[in-house]
Amino acid sequence: MLAPVAGRQDTTEIRVSPAEVTDVMRTLHDDGAFRFRVLADLCGVDTGEVMQVVYHLWSENSPDWLRVIVDGLPRDDPRVPSMTFMWKGAEWAERETYDMFGITFEGNRDLRRIYMPPDYTSFPLRKDFYLADDAARSPGEGFRHMEQVRPPAAADRPLLTRRSKVQ
């Protein structure tokens, strides 16, 4: 564990390192005292310094939700083991997290873009992803290809207007 167990309202939170996440999750899932059999959600977090993966688990044995935060993933190559061997539904959430944050889930059989085009090179939910209208960006940096604003496809067609009868 990277930090002491914390709790707020109906959620208990633990922080683990990437090296221990598989063992911790297997214990939480398989041990009869815990039985966290429902993975409600998983998502990525970019703190600006490191990347994180956050799992939200539920068990009939506990009145609280459990938030497991895998902390300390390096920003240059964030990797964490896939949890699809325990929760089949993790596949789509892992793909979404990969697509938006660039976190690689090792062992996911279908880790590819889910929202962005396959040739897209950035990760839109990272803190270092700038939009074209970002005031913090220097005008000298120009625009990245994927940030160029394009007119609507029908912009070159004249507008059709409805004429009213004149009496």
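The values are calculated or read from the model by the stated rules, or taken from the named source; none is laboratory data. Since this is a predicted model, take the numbers as computed values, not measurements. Positions of Cβ are backbone-derived with ideal geometry, glycine not excepted, and every protein chain shown enters the neighbour counts. These area figures cover heavy atoms from the full protein model, side chains too; ligands, DNA and RNA do not enter into them. Shrake-Rupley method; radii C 1.70, N 1.55, O 1.52, S 1.80 Å.
General observations
- Per the conditions (1) open to solvent by 20 Å² or more (accessible area, probe 1.4 Å); (2) under 21 Å from the mean Cα position of the chain (by Cα); (3) over 22 Å from PHE123 (Cβ atoms), the sole criterion not satisfied by LEU57 is (1).
- Residue-level analysis places PRO81 outside the set of residues that are more than 22 Å from GLU20 (Cβ to Cβ) and either outside the structural domain of VAL45 (by TED's automatic domain parsing) or touching a Ser or Thr at 6+ places or on another chain (Cβ under 6 Å) (or both).
- Taking segment 28-92 and the strands (runs of 3 or more DSSP E) fully enclosed by it, the elements with 3 or more residues that are among the hydrophobic types (A, V, I, L, M, F, W, C) are at 38-46, 51-58, 65-73.
- Candidates ARG15, ARG26 - the one that is in contact (Cβ under 8 Å) with a residue 60 or more places away in the chain, out of contact with any Gly (no Cβ under 8 Å at 6 or more places or on another chain), open to solvent by 50 Å² or more (accessible area, probe 1.4 Å) and under 17 Å from MET83 (Cβ atoms): ARG26
- Unmet requirement for VAL80, which otherwise passes all of (1) closer than 20 Å to PHE123 by Cα; (2) of a type in the set (A, V, I, L, M); (3) surrounded by fewer than 13 Cβ atoms within 10 Å (Cβ to Cβ): (3)
- For ASP46, the requirement of being open to solvent by 40 Å² or more (accessible area, probe 1.4 Å), charged (D, E, K, R) and either out of contact with any helix residue (DSSP H, G or I) (no Cβ under 9 Å at 6 or more places or on another chain) or assigned by TED's automatic domain parsing to the domain that holds ILE103 (or both) is not met.
- If the condition is being modelled with pLDDT of 95 or more, within 12 Å of the chain's Cα centre (by Cα) and either among the hydrophobic types (A, V, I, L, M, F, W, C) or surrounded by fewer than 15 Cβ atoms within 10 Å (Cβ to Cβ) (or both), then segment 93-128 contributes ALA93, MET100, PHE101, ILE103, PHE105.
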